[in-house]
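Remarks on the structure that follows.
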Amino acid sequence: MKADASEIVVKTIVLLLYAFLLAPLVMVVATSFGSDAVESFPPRDFSLIWYAKALAEPSFMQGLKTSLWIAAAATLIATPLGAAAAFGIHRGRFPGRNVLQALLLAPLLVPGLVTGIALLVAFTALDVGTAPERLLFGHALVILPYSIRTTLASLVRLDPALEEAAGLFGASRLQTLVYVTLPSIAQGIFAGALFGFILSFDEAALSLFLIDVDTVTLPIAIMSHIEYSIDPSVTALSSMMIMATLLLMILIERLFGLRRLLGA
Amino acid sequence: MASIQLHNINKRFNGASTAAVSSVSMSIERGEFLTLLGPSGCGKSTTLRITAGLTKPDSGRVLLDGRDVTPLNPAERRIGMVFQSLALFPHMSAAENVAFGLKMRGVDAAERKQRVARALDLVHLSQLADRYPRQLSGGQQQRVAIARALIIEPSVLILDEPFAALDRKLRETMQKELHRITRELKITTLFVTHDQEEALMLSDWIAVMNEGRVEQWGRAGEIFEQPKTRFVADFMGVPNFLTARVIGAEADGARLTVDGISFDAPAAGGLAVGETVEVALRPDRIELDPAPSGDGATIIDVIYHGLASSYTVALPSGRTLTIRDTNSGSGLSRFKSGETVMPRIHAKAVCYLSA
C-alpha cells in the first residue's frame, strides 16, 4: 500500500516538526516548576518559588507595565489606521495602488533589527520624541500590516450585494458603513487588533534601539536579566507569557477561526 | 399608465468589446409580472440592475409609473429587490433584516414592529423572527429576503435569479409562494431567470434576451407557442430545425413537406406553394406509429423519462429529429433502438421561424 507508506512519512515529518517547535517551550515550562537556583531538566522537585520571585522582581513588573500600555496604545493607533488603509486599497481605483499595498505591508518583511536601526537614525536626526513615544511609534508601525491584512481579508470576502442592498433600502453611505459594512468586517478588524497586541507585547529586536533607562519593555527586561543571572525566574515568567499567549490564541480561534482571518 | 418602461437602453462596460445591453425597450402595466429570460451573459441581469438603479445606462431612459427615474439612485426609486446572493445582513435577525428599510426611512419603532409582523406573516415566517440568517434554511432565507423587499411597499419588486441555488423541490415551493404573493399584493414584478419553466409559470410577460438584445417579447403563452427565432425556439426546448417546402397554403392552414413526410401546419400569412420555409418542430407534438422496415424513419436512440420517452429518429435523408412520445404505462418505452417508425407531425408542432 503506497498511499499508507507516504501517509506515515508525512505524519512522521509533521510530528518531528511539532516536536522541534514545541520541545524548547516544554523545557522552559518544565524547568520553571523546580526549586533549584540553576535551571535543571527534568526538575528534581515541584515548587512555585520562581513564580513568586519573578512576580516580585521590580524590573519585570515595570517592564510588564510598559509593554502592556505600549501594546495597547500601539494597537489603538494601528487598528483604525490599518482598517482605513485596507478600505483605501480595496475600494480605491488609483494608480500605484499595488505599490501602496506593498509598501504598507513591508514592515512584515523587513527584519525588526533593520527597522529599529532605521527608526533610531531617523528619530535622532530629527531629534524627536522621548523613549515612550519612539516605542509607541515603532510598534504601531510594525503591527500596522496585521491590521491591514485581516481587514483586507474581510473586505474581500464581503458580498458587494450587502452594501448595494443597504443603499437600495434607503441607507446613506454613512449608515451603510455603520449598520452593514463595519459589523460585517468587525471580526477581521478585531482579530488584527489582537494579533497586533500580541506582536507588540512580544517585540524585542525593534525595541532594543528605542528604549532608554527609564522605559524598558518586558522582553528587554528579561534579556538584561539573563545577561548576569541565569536563575529560573525567567523561565517562570516565560511560562506565564506562553500561557497568556496560548489563551489569547485559543480565544481568537474559538471566536473567529484563525485560518479565515489570515485570509488563507 | 405603464408601471415599468425602458426606453432604448444601452450599456457597455469599460473594456468590454461588446455591449452588455443594446437598444432594449419594454413596458408593462401596473400589477403585471415580467420575466427577463436568457442564458448567462445575455444582458438580463444588467437590464435588471439598470431598472433598479444599481447600474447607470450609457443612454436611454427608465420610467417608473410614468416618472423618469434615470438619474435617481435606487432608494429614491422606491424599489424592493431580492438579490441573487439574497444579501441578508448576517449580523441582524430575520426581523431586523426585514425592518431595515423602514428604519432607514425613519419609520417609528411602534409602526415598524407592526409592519414587520405583517410582512413576516405574509411569507409564513412569524415564528422565526428572532433567528439569524445562518440559523435559517435556504427557503426561509428567501422568505426573509422577499419580506425585506416588500415591507417598504415598493412600486416595483425586482428579483435577480433568487431560486437558482435551491434544490428542485424547494424551488417549486418558492415559485408557488412568489406567485401567490405577487398576485395577492398585485405588485408589479421584474424577475430574472435562465429557467424557461420558471419563467412560464410565473410571468404575464416574457422578454427572451440574447447578446444584449430582446430577441422576442410577448405574453408567456405566446413565447411558448410561437417562438419566432431559432434562439428562442431552442431556449424554449424546441430543437428540431428544418427547412420545409410549402405544398399547400389555404386560409385555414398550410401543408408542408420534409424528406417525403408531409404534414399540416397552421396558417401563416405570406406562404406560397413551392416556397421553402424555416420551421422548428415541437418534440412532444410528434407521434410515432410503427412502420414496416425499410419504410419511414429509424430509431437511433431512446431515453426513458417516466411519463414519456425521448427518441432520436433518423429520416431516410439522414436528418435526425428529436421526438418525445408518451409512454403506455408499462414501465418501458414504446419503441426500441433500431425499430422503424413513421413520425406523425401535428399541425401544432410547427413553429415558423423568421430567418
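Every number in this text was worked out from the coordinates using simple rules, so none of it is lab data. Small disclaimer: the values here were computed from a predicted structure and weren't measured. Heads up, the Cβs are rebuilt from the backbone with ideal geometry, glycines too, and the neighbour counts pull from every protein chain shown.
Structural remarks
- Whole-Hz couplings from phi, Karplus 6.51/-1.76/1.60, listed for region B:289-300; x for Gly and Pro: 10, x, 9, x, 5, x, 10, x, 10, 10, 7, 10
- Karplus 3J(HN,Hα) series, Hz, for region A:138-153 with 6.51 cos²θ - 1.76 cosθ + 1.60 (x for Gly, Pro): x, 5, 4, 4, 6, 8, 3, x, 5, 5, 4, 4, 6, 5, 4, 4
- Axis angle, to the nearest 10 degrees, between helix A:182-202 and the longest C-alpha principal axis of chain A: 30 degrees.
- At R0 = 22 Å, FRET efficiency that the Cβ-Cβ distance of A:Ala186 and A:His90 yields, to 0.05: 0.90
- Between B:Thr340 and B:Asp252, the FRET efficiency estimated from the beta carbon spacing at R0 = 35 angstrom works out to 0.60.
- Only one residue of B:Ala20, B:His179, B:Gly53 has its Cα farthest out toward the positive end of the dipole of region B:4-234, where Lys and Arg carry +1 and Asp and Glu -1 on Cβ, and that residue is B:Gly53.
- The protein assembly as shown: radius of gyration and largest Cα-Cα distance (Dmax), Å: 35.8, 116
- Choice from B:Val24, B:Val116, B:Val107 with maximal GNM fluctuation in chain B (Cα, 10 Å cutoff): B:Val107
- For the residues of A:167-180, the average number of beta carbons from a partner chain within 10 Å of their own beta carbon is 6.
- Within straight-line cross-link reach of A:Lys11, lysines at Cα separation under 29 Å, skipping those fewer than 8 residues along the same chain: A:Lys2
- Only Lys, Arg, Asp and Glu carry charge here, each on its Cβ (+1 for the first two, -1 for the last two); on that basis the protein assembly as shown has a dipole of about 940 debye about its Cα centre.
- Those lysines that a straight Cα-Cα span of less than 29 Å connects to B:Lys186, excepting residues fewer than 8 apart in one chain: B:Lys44, B:Lys56, B:Lys103, B:Lys113, B:Lys169, B:Lys176
- Farthest toward positive dipole pole in region A:73-206 [+1 Lys/Arg, -1 Asp/Glu at C-beta], among A:Leu126, A:Ser147, A:Ala74: A:Ser147
- 222 nm mean residue ellipticity, helices alone, for chain A (DSSP H n ≥ 4; -39,500 (n - 2.57); rounded to 500): -25000 deg cm²/dmol
- Calculated from the alpha-carbon coordinates, chain A shows an Rg and a Dmax of 22.4, 71 Å respectively.
- For the protein assembly as shown, with +1 on Lys and Arg beta carbons and -1 on Asp and Glu, the positive-most of B:Ala268, B:Ile206, B:Met81 along the dipole: B:Ala268
- The convex hull of the Cα atoms of region A:161-264, projected and averaged over all directions, covers 10.0 nm².
- At R0 = 30 Å, FRET efficiency that the Cβ-Cβ distance of A:Val213 and A:Thr245 yields, to 0.05: 0.60
- Rounded Å value of the spacing that divides the Cα centres of region B:287-355 and region A:1-74: 79 Å
- From the alpha carbon centroid of region A:154-228 to that of region B:96-172 is 35 Å.
- Contour minus Cα-Cα distance for B:Thr312 and B:Val273 (0.36 nm per residue): 11.1 nm
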